[in-house]
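Below you'll find the structure, written out as structure tokens, and then a few comments.
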Amino acid sequence: MNNLDKKPDIDLVRDFHSVWHPCTQMQDHETVPPLLIERGEGVYLYDRDGKKYLDVISSWWVNLFGHNHPRLNEALKRQLEKVAHVMFAGITHQPAIDLASNLVELSPHNLQKVFFSDNGSTAVEVAVKMSLQYWQQTGHAEKTRFAYLKGGYHGETLGALSLCGLDLFRKNFENVLMQNLEVQGPDCFRCPYGLQPESCNAECFEPMEKTLAEHKDTLAGVIVEPLVQGAAGMKMYPPRYLKKLEVACKLHNVHTLYDEIAVGFGRTGSLFVCGEHKLNPTFLCLSKGITSGYLPLAATLTTDEIYSAFYGDFSTLKLFIHSHSYSANPLACAVANETLAMLTENNFLKTLQPKIKALGEYGKRLEQLEWCGEFRQTGMIAAAELVQNRETKEPFPFEARVGYRIFLEGLKRGVFMRPLGNVIYFIPPLVISVEEIKMMMDVAVDCIKAVVEEKN
Ligand code: PMP
């Protein structure tokens, strides 16, 4: 039976009465209840009636190795037998020690210290606070602002939201946000310079260059989502932009904050974007895939130089005062260590190559649709931006809810996609097979046709 047609389960009625779901217009659930998921297995989620759904977006971009993975389950159980949680000040534990060493080993050589927290937004908050306090403690108290890119997204706590370049998320809170600087960044689909990302020289760095030159004295750092701006609709840009950013930030004495919360851990085909492109950010924020979607955990990596500015006699009060109850949760760290082992063993990242190729090849079917303005791909992340008119790139009006209607079509066909506005995107668990990639793309094409041909 189709979940859209059937009478709601009593638990869905209870859900509607008491649960407030994230990023959801709850009134939509009057007509379409959320999926009541009972279990997961590999790349599939199973609802209470046993119907399966391909988890196309890895449960909000977190899952790498599929659901209910025997090895990750085992790592979790092993740790559970020892201790589930313990505070992380005055106490340490093997899983955290191992994880910090592993992250230092696998990330660019300049990143030597790891600060744990428990979700992506907090990883960003930590980087922002460390950067501010570093400048304060090194004689640059005037460096209090950050530059962020238009379309950028770094989480939804107020500090992280102050770095957000998407109106939808920030506009209700504008009055209370930090006074940071929004900078026009790359927009390869609608490139104002009329260039192509394959051949350009990141001419779009110009506004950032100007901002840095003009505001260097008050700028603490620049934050970016390297290569893929996720929440903006998987907007992609070439690494040349990041190279220019690194050079300019060094020149102007400004920190670089890399938010690899979404793109880290294999999504782009490499472990980290910074490592792959030989970039050395001052801060690297990680979360999501760190536990392969098992448990909440985050890490903010930074340099010895930053760390040293906090190190000294207690009476100087230079320490970093920031704590979360669940910082470095041992269960999460144990699963993260197993995740890292699986990502780095047996040439795992190389096994992604045929899948990356398949994503591009089957994606061509999407690209050929007359409503596809752009099909883009970076490693295991792909997206199709739908438009009303291919020539003018005119978007569908948001009231038409094209993405939402495609989502509903996907559910009928056993595929859980959750478009971002008019962008249908794919960020599947890395263990998806080539056959499943084909199926996912075929279904996406059918869903788009069903919706767009119906009304628009
Ligand atoms: N940064 C980026 C790039 C993200 O994609 C997200 C989550 N979508 C976050 C930060 C925030 O992570 P969390 O939802 O765990 O707070």
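The values are calculated or read from the model by the stated rules, or taken from the named source; none is laboratory data. Small disclaimer: the values here were computed from a predicted structure and weren't measured. Quick reminder, even Gly has a Cβ in these numbers, built from the backbone with ideal geometry, and neighbours come from all protein chains shown. Heavy atoms of the whole protein, side chains included, go into the accessibility calculation; ligands, DNA and RNA do not. Shrake-Rupley method; radii C 1.70, N 1.55, O 1.52, S 1.80 Å.
The residues listed here are S199, S131; of these, the one that is under 30 Å from C372 (Cβ atoms) and either of a type in the set (D, E, K, R) or not assigned by TED's automatic domain parsing to the domain that holds T392 (or both) is S199. For region 95-102, the count of residues that are closer than 30 Å to L181 by Cα, part of a helix (DSSP H, G or I), without any contact (Cβ under 8 Å) to a residue 60 or more places away in the chain and assigned by TED's automatic domain parsing to the domain that holds K288 is zero.
Hey, among L219, L284, L227, L257, which residue is away from the ligand (no atom under 16 Å from the Cβ) and either within 17 Å of S58 (Cα to Cα) or crowded, with 22+ Cβ neighbours inside 10 Å (or both)? None of the others qualify; the one that does is L219. Among the residues making up region 254-272, those that are of a type outside the set (A, V, I, L, M, F, W, C) and out of contact with any His (no Cβ under 8 Å at 6 or more places or on another chain) are H255, T256, Y258, E260, G264, G266, R267, T268, G269, S270. Of all residues assigned to region 317-329, none qualifies as being touching a helix residue (DSSP H, G or I) at 6+ places or on another chain (Cβ under 6 Å), assigned to a helix (DSSP H, G or I) and under 30 Å from V83 (Cβ atoms).
Number of residues in region 268-280 that are within 16 Å of the ligand (Cβ to nearest atom) and either more than 15 Å from L111 (Cβ to Cβ) or in a strand (DSSP E or B) (or both) equals 1. Please determine, by comparing only the residues of region 51-61 that are open to solvent by 30 Å² or more (accessible area, probe 1.4 Å) and within 16 Å of the ligand (Cβ to nearest atom), which one is farthest from R413 (Cα to Cα). For region 51-61, the residue satisfying everything is W60.
Close Cβ contacts (under 6 Å, 6 or more residues apart or on different chains) running from residues in region 138-159 that are closer than 14 Å to T218 by Cβ to residues that are within 11 Å of the ligand (Cβ to nearest atom) comprise F146/L163; F146/I223. Candidates are the residues of region 66-88 that are open to solvent by less than 10 Å² (accessible area, probe 1.4 Å) and among the hydrophobic types (A, V, I, L, M, F, W, C); the one that is farthest from the ligand (Cβ to nearest atom) is A75. Scanning region 403-432 for residues that are of a type outside the set (A, V, I, L, M, F, W, C) and farther than 18 Å from Q377 by Cβ yields G403, Y404, R405, E409, G410, K412, R413, G414, R418, G421. If you go through region 114-143 and keep only what is closer than 20 Å to L319 by Cβ and either β-branched (V, I, T) or touching an Asp or Glu at 6+ places or on another chain (Cβ under 7 Å) (or both), you end up with V114, T122, V126, V128, T138.
Residue pairs whose Cβ atoms lie under 6 Å apart, separated by 6 or more positions or on different chains, with the first residue in region 219-245 and over 26 Å from P428 (Cα atoms) and the second of a type in the set (D, E, K, R) and more than 13 Å from the ligand (Cβ to nearest atom), are L219/R145; A220/K143.
Here F265 clears all of (1) assigned to a loop (DSSP other than H, G, I, E, B); (2) open to solvent by less than 20 Å² (accessible area, probe 1.4 Å); (3) away from the ligand (no atom under 16 Å from the Cβ) except the condition numbered (3).
Of all residues in region 337-359, those satisfying the criterion of being under 24 Å from the mean Cα position of the chain (by Cα) and either open to solvent by 70 Å² or more (accessible area, probe 1.4 Å) or free of Cβ contacts under 8 Å to residues at least 12 places away in the same chain (or both) are A341, T344, E345, N347, K350, T351, Q353, P354, K357. Of everything listed in (1) assigned to a helix (DSSP H, G or I); (2) surrounded by fewer than 17 Cβ atoms within 10 Å (Cβ to Cβ); (3) in contact (Cβ under 8 Å) with a residue 60 or more places away in the chain, the single unmet condition for I306 is (2).
For region 35-50, a residue qualifies if it is in contact with a Leu (Cβ under 9 Å, 6 or more places away or on another chain) and either hydroxyl-bearing (S, T, Y) or crowded, with 16+ Cβ neighbours inside 10 Å (or both), and the qualifying residues are L35, V43, Y44, L45, D47. Close Cβ contacts (under 6 Å, 6 or more residues apart or on different chains) running from residues in region 110-124 that are closer than 16 Å to P330 by Cβ and at pLDDT 95 or above to residues that are within 16 Å of the ligand (Cβ to nearest atom) and open to solvent by 20 Å² or more (accessible area, probe 1.4 Å) comprise S117/H324; D118/P296; D118/H324; D118/Y326. Kindly evaluate N347 against the criterion of being part of a helix (DSSP H, G or I) and either at pLDDT 95 or above or touching a Cys at 6+ places or on another chain (Cβ under 9 Å) (or both). Spelling it out, N347 is indeed part of a helix (DSSP H, G or I) and either at pLDDT 95 or above or touching a Cys at 6+ places or on another chain (Cβ under 9 Å) (or both). Evaluate region 233-242: report whether one residue or more is open to solvent by less than 30 Å² (accessible area, probe 1.4 Å) and part of a helix (DSSP H, G or I). Scanning region 233-242, I find at least one residue that is open to solvent by less than 30 Å² (accessible area, probe 1.4 Å) and part of a helix (DSSP H, G or I), so the answer is yes. A Cβ distance below 6 Å, combined with a sequence gap of six or more or placement on separate chains, defines the contacts here; from region 197-209, residues that are within 18 Å of K250 (Cβ to Cβ) and at pLDDT 95 or above reach residues that are open to solvent by 30 Å² or more (accessible area, probe 1.4 Å) and assigned to a helix (DSSP H, G or I) in the pairs A202/R240; A202/K244; F205/K244.
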